[in-house]
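Engineer: My structure is below; once you've seen it, I'll send some questions.
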Amino acid sequence: IWKNIKNLFVHKLYWSSIDEYNLKPNKLTIFYLFIGLILFGLGETLLLTANIGVSPWFVLHQGLSFKTGYTVGITTFVVSIIVILFWFPLKQKPGIGTILNAIIISAVVDLSLPILPKPEFFLFQLIQVMFGMLIIGIGSGFYLTANLGPGPRDGLMTGINKQTNLSFSLIRTTLELSAVGLGFYFGGIVGVGTILYAICIGFFLSLGLFLVGKLYK
C-alpha cells in the first residue's frame with residue numbers, strides 16, 4: 001500500500017530531497033521531516049490512548065511493553081532497530097529519514113502518552129481513533145514528501161520484495177498479521193481500532209499526501 005500510494009500521489013515539492021540517500025539535505029527538508037514524524041507519533045499515541053485497538057505494528061509494541069515493563073516508546077524503538085538490522089541481508093540501505101523515524105516516533109510516543117486524552121465512552125474513543133488516523137495520514141504526507149528514506153517497516157517490505165519478487169500486498173499482509181499475532185500473544189490490544197486502521201489507513205494516507213501537495217503548490 002505504501003509503495004502504491006507513494007507512486008501515485010507523492011509529488012516532489014520545493015523542499016523535497018532530490019535523493020532518498022541525501023546525507024546533506026537542506027534545513028527545510030529536515031524541518032518538514034520532523035513535522036511529519038512528530039505528527040505520525042502523535043497519531044499512533046492517540047490510537048493507544050483511545051484504548052480500543054491500535055495499528056498492527058503497535059499491537060506488537062504495546063504487547064512487548066506489557067510483557068517487559070518498558071515503555072511503549074522504548075519497545076517501538078527496539079523493534080525499529082531490529083527491523084533495520086534485517087535490511088542488511090536484504091541489501092537495503094537506510095536513509096536519514098529511516099534513522100530519525102526510529103528515534104523521533106519512539107520519543108513522541110513516550111512524551112505524549114501521559115498527556116493525551118483517554119476517553120471512556122465508546123463514541124469518543126471511535127472519534128479519537130479516526131482523528132489519530134488523520135494525523136498519521138498528514139504526518140506520512142510530510143514524511144514521504146521529504147524523501148529521505150522509507151520507514152523501517154516499509155523498507156523491510158521493499159527489501160523482501162526485491163529479493164523474492166513476492167507482491168507488496170502479500171508481504172505487507174504477512175508482516176502485519178505476524179506483528180498482530182505476536183503482539184496479541186504478548187497482551188497487545190486488538191480491537192475495533194485495529195480493524196478500522198486496516199480498512200481506513202489507505203484513505204488517510206492518500207488524503208495526507210493530497211493535503212501536503214495542495215498546501216505547497
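The values are calculated or read from the model by the stated rules, or taken from the named source; none is laboratory data. Values in this document were obtained by computation on a predicted structure and should not be read as measured data. So basically every Cβ, Gly included, is an ideal-geometry build from the backbone, and we count neighbours across all protein chains shown. Note: areas computed on protein heavy atoms with side chains; ligands, DNA, RNA excluded. Shrake-Rupley method; radii C 1.70, N 1.55, O 1.52, S 1.80 Å.
Engineer: Could you give the size of the charge dipole of the chain about its Cα centre, using +1 on the Cβ of each K and R and -1 on the Cβ of each D and E, expressed in debye and rounded to the nearest 20? Spell out each step's value before the answer.
Structural biologist: Details: 14 positive and 7 negative charges, 117 e Å.
Roughly 560 debye for the chain.
Engineer: Considering the Cα positions of the range 68-186, please state its Rg to one decimal place and its Dmax as a whole number of Å.
Structural biologist: When restricted to the Cα atoms of the range 68-186, Rg and Dmax are 15.9, 47 Å.
Engineer: Do the sum for the chain: with -39,500 (n - 2.57) for every DSSP H run of n ≥ 4, divided by all residues, what is the mean residue ellipticity at 222 nm, to the nearest 500 deg cm²/dmol?
Structural biologist: It lands at -24500 deg cm²/dmol.
Engineer: Which log10 I(q)/I(0) values, to two decimals, does the range 135-198 give at q = 0.11, 0.23 Å⁻¹ under the Debye formula with one point per Cα?
Structural biologist: -0.34, -1.11
Engineer: With a 1.4 Å probe and all protein chains left in place, how much accessible area per residue does the range 31-168 have, in Å²?
Structural biologist: The answer is 42 Å² per residue.
Engineer: Let me ask another. Classify the range 14-69 as rounded, prolate or oblate, taking a ≥ b ≥ c as the square roots of the eigenvalues of its Cα gyration tensor: rounded when a/c is under 1.5, otherwise prolate if a/b is larger than b/c and oblate if not.
Structural biologist: It comes out prolate by the Cα gyration axes.
Engineer: Just going by the charge dipole of the chain, with Lys and Arg at +1 and Asp and Glu at -1 on Cβ, which of N26, F88, I115 is farthest out on the positive end?
Structural biologist: Final value for the positive-end residue is N26.
Engineer: Whenever you get a sec, compute what percent of the accessible area on the range 25-82 sits on carbon and sulfur atoms (1.4 Å probe).
Structural biologist: 76 percent
Engineer: So if I place +1 on the C-beta of Lys and Arg and -1 on the C-beta of Asp and Glu, and nothing else carries charge, what would the dipole magnitude of the range 16-145 be about its Cα centre? I want it in debye, nearest 20.
Structural biologist: Values: 6 positive and 5 negative charges, 51 e Å.
Here the range 16-145 has a charge dipole of around 240 debye.
Engineer: Right, another one. Once neighbouring chains are kept in place and the probe is 1.4 Å, which whole percent of the accessible area of the range 85-217 is contributed by carbon and sulfur?
Structural biologist: It is 75 percent, rounded to a whole number.
Engineer: Classify the range 1-123 from the C-alpha gyration tensor, please: rounded if a/c falls under 1.5, else prolate or oblate depending on whether a/b exceeds b/c.
Structural biologist: Verdict is prolate for the range 1-123.
Engineer: In whole Hz and in residue order, list the ³J(HN,Hα) couplings for the range 30-38 that follow from phi through the Karplus curve 6.51 cos²θ - 1.76 cosθ + 1.60, θ = phi - 60°; x for Gly and Pro.
Structural biologist: Whole-Hz 3J(HN,Hα) from phi for the range 30-38: 4, 4, 5, 4, 4, 4, x, 5, 5.
Engineer: Apply the Debye scattering formula to the range 85-137, with a single equal point scatterer on each alpha-carbon and no solvent, then give log10 I(q)/I(0) at q = 0.16, 0.17 Å⁻¹.
Structural biologist: Debye curve over Cα of the range 85-137, log10 I(q)/I(0) at q = 0.16, 0.17 Å⁻¹: -0.69, -0.73.
Engineer: List, largest first, the extents of the alpha carbons of the chain along their principal axes, each in whole Å.
Structural biologist: 45, 38, 28
Engineer: Got a sec to turn the phi values of the range 78-83 into Karplus ³J(HN,Hα) couplings, 6.51 cos²θ - 1.76 cosθ + 1.60 with θ = phi - 60°, whole Hz, x for Gly and Pro?
Structural biologist: Here the 3J(HN,Hα) series is 4, 4, 4, 5, 4, 4 Hz.
Engineer: Once phi is turned into θ = phi - 60°, what whole-Hz ³J(HN,Hα) does the Karplus curve with 6.51, -1.76 and 1.60 give for every residue of the range 104-110, x standing for Gly and Pro?
Structural biologist: Calculated HN-Hα couplings, in order: 6, 4, 4, 5, 5, 4, 5 Hz.
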